[in-house]
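The structure under discussion appears below in the form of structure tokens.
The values are calculated or read from the model by the stated rules, or taken from the named source; none is laboratory data. Bear in mind the structure is a predicted one, so any value in this text is a computation, not a measurement. Reconstructed Cβ throughout: ideal geometry from the backbone, glycine too, with neighbour counts over all protein chains shown.
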Amino acid sequence: MNVLFIGGTGVISSACSALAVQRGINLTLLNRGRTERPVPEGAELLRGDIDDPNIGNILADRTWDAVVDWIAYTPDHIQRDIDLFRGRTGQYIFISSASAYQTPPASLPVTESTLLDNPYWGYSQDKIACEERLVRAYLDEKFPITVIRPSHTLDQTKIPMLGGYTTLHRMRQGKKVIVYGDGTSLWTLTDHKDFAKGFAPLLGHAGTIGDAIHITSDEWLSWNQIYAIMGQALGVEPRLVHVPSDLIAAFDSEIGAGLLGDKSHSMIFDNSKIKRLVPDFTCAIPFSQSAREIVNWYNADPARQVIDERLDALMDRIISAYESAFPHNTNGRGGTGG
């Protein structure tokens, strides 16, 4: 099977590239070659930019059994791909986002039939618009679409907390760290290697054409648990301050959009569909293991330990404002409001 990945060396796609090659797929990666994640041995690299007006010269007259665009975010990207790959692929896979689902969800767990509606976050709204354009292409001309919706998927480089490494540094220093809301909402974190086990068998899978599938772990954790697990991996007990997402958004609208449009609400998933399509799919990597891998990766090279001074100061201001307004909600280990 001949497969083209547009991108293929990102957080999620790197694990999928490695597993596809391992399973004997003839994989070609089209990207600019500017990533620290290597192209897996056995894959072909086409060095180029999908947005280059001359990209047709690089692709030549080649055809594929499946094309996956890992870096399409807007309807313009989708239209470009439809024009490029019309009649040249047996399957076009769009990587959407589970943040496109109704936010906050009317019911849990979320299924693939849950409404797509996110009034808070432009990123999610763009993904919804991309899906709508692809559905039209499927209905109008039978463009062979498959939509994949990852949730919060990570590798050892991605710290799943507000502030990234800056928050890890604060934990190490004994400083207070911000948790959204009261920290009890449930969240789903998926290791990219587990995601790949569900994704790779869908390449060229005729039963997915015209359909949408999410691929996530079945491990549900509260944000309090996520912070505690990261603290255990660091060997510290984090000092949590629970701050309402609306207050965080008032200090930084960009951070707030991601919280209000995604992480502030419980989000757990029914994975029945992917398990029907891939009967042996299971997520075997708990977040506790991923957390240790994250800490080990950052510890291995001091150059990775970059502190965002602006964000660090912003967190201090947010905590100070919250504790001044609600002193009864703080007890020296952090507040519980919100």
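Being in contact with a His (Cβ under 8 Å, 6 or more places away or on another chain) and either under 24 Å from LEU260 (Cβ atoms) or in a helix (DSSP H, G or I) (or both) is true for just one of ASP194, ASP182. Which residue is that? Don't jump to the end; show me each part of the working.
Working: ASP194 fails: in contact with a His (Cβ under 8 Å, 6 or more places away or on another chain).
Criteria check complete, one pass: ASP182.
If you scan the range 258-281, which residues turn out to be touching a Gly at 6+ places or on another chain (Cβ under 7 Å) and either of a type in the set (Lys, Arg) or at pLDDT below 95 (or both)?
Restricting attention to the range 258-281, the residues satisfying the condition of being touching a Gly at 6+ places or on another chain (Cβ under 7 Å) are 264, 274, 277-278, 281.
SER264 - this is the single residue of the range 258-281 that is touching a Gly at 6+ places or on another chain (Cβ under 7 Å) and either of a type in the set (Lys, Arg) or at pLDDT below 95 (or both).
Looking at this structure, is THR35 part of a loop (DSSP other than H, G, I, E, B) and assigned by TED's automatic domain parsing to the domain that holds HIS205? So that I can check it myself, show each step before the final result.
Working: part of a loop (DSSP other than H, G, I, E, B): yes; assigned by TED's automatic domain parsing to the domain that holds HIS205: yes.
The answer is yes for THR35.
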Single unsatisfied condition, ARG172 versus (1) closer than 30 Å to VAL295 by Cβ; (2) in the same structural domain as ILE78 (by TED's automatic domain parsing): (2)
Here are some conditions: (1) out of contact with any Lys or Arg (no Cβ under 6 Å at 6 or more places or on another chain); (2) of a type in the set (Gly, Ala, Ser); (3) at pLDDT 95 or above. ALA98 meets all but one. Which one does it not meet? (1)
Sort out which residues of the range 147-180 are under 28 Å from CYS283 (Cα atoms) and among the basic types (Lys, Arg), and write them in order of number. ARG149, LYS158
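Across the range 220-261, which residue is farthest from PHE287 (Cα to Cα) among those that are part of a helix (DSSP H, G or I) and without any contact (Cβ under 8 Å) to a residue 12 or more places away in the chain? Working first, answer last.
If we filter the range 220-261 for residues that are part of a helix (DSSP H, G or I), which is where we start, we get 223-234, 245-251, 253-261.
The next check asks that each one be without any contact (Cβ under 8 Å) to a residue 12 or more places away in the chain; those that pass are 225, 228, 249-250, 253-254, 256.
Values: GLN225: 10, ALA228: 11, ALA249: 27, ALA250: 31, SER253: 29, GLU254: 27, GLY256: 25 Å.
Only one residue tops the list, namely ALA250.
Can you tell which of VAL295, VAL306 is outside the structural domain of PHE195 (by TED's automatic domain parsing) and not in a helix (DSSP H, G or I)?
On the way: VAL295 fails: not in a helix (DSSP H, G or I).
That would be VAL306, the only listed residue that is outside the structural domain of PHE195 (by TED's automatic domain parsing) and not in a helix (DSSP H, G or I).
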Confirm whether ASP61 is farther than 25 Å from PRO201 by Cβ and modelled with pLDDT under 95. yes
Hey, could you check the range 8-18 for residues that are touching a residue at least 40 places away in the same chain (Cβ under 8 Å) and surrounded by 19 or more Cβ atoms within 10 Å (Cβ to Cβ) and say which is farthest from HIS152 (Cα to Cα)? ALA18
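Buried (at least 20 other Cβ atoms within 10 Å of the Cβ), in the same structural domain as ARG133 (by TED's automatic domain parsing) and not in a helix (DSSP H, G or I), is that true of GLY42? Break it down into steps so the answer makes sense when it comes.
On the way: buried (at least 20 other Cβ atoms within 10 Å of the Cβ): no; in the same structural domain as ARG133 (by TED's automatic domain parsing): yes; not in a helix (DSSP H, G or I): yes.
In short, no.
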Counting only residues that are touching a Leu at 6+ places or on another chain (Cβ under 9 Å) and modelled with pLDDT of 95 or more, which one in the range 120-136 is nearest to ASP246 (Cα to Cα)? SER124
Residues of the range 286-326 being under 26 Å from the mean Cα position of the chain (by Cα), among the small types (Gly, Ala, Ser) and surrounded by fewer than 12 Cβ atoms within 10 Å (Cβ to Cβ), which ones? ALA300, ALA303
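Quick check on the range 53-70: of everything there that is among the hydrophobic types (A, V, I, L, M, F, W, C) and outside any helix (DSSP H, G or I), which residue is surrounded by the most Cβ atoms within 10 Å (Cβ to Cβ)?
Narrowing the range 53-70 to residues among the hydrophobic types (A, V, I, L, M, F, W, C): 55, 58-60, 64, 66-68, 70.
Pick out the ones that are also outside any helix (DSSP H, G or I) and you get 60, 64, 66-68, 70.
Numbers: ALA60: 7, TRP64: 23, ALA66: 24, VAL67: 26, VAL68: 28, TRP70: 22.
Result: VAL68.
Each row is one residue, and each column tells you yes or no for (1) surrounded by 20 or more Cβ atoms within 10 Å (Cβ to Cβ); (2) among the β-branched types (Val, Ile, Thr); (3) over 14 Å from the mean Cα position of the chain (by Cα).
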| residue | (1), (2), (3) |
| --- | --- |
| ASP194 | yes, no, no |
| ALA200 | yes, no, yes |
| ASP211 | no, no, yes |
| SER222 | no, no, yes |
| HIS242 | yes, no, yes |
| ALA249 | no, no, yes |
| GLU254 | no, no, yes |
| ALA257 | no, no, yes |
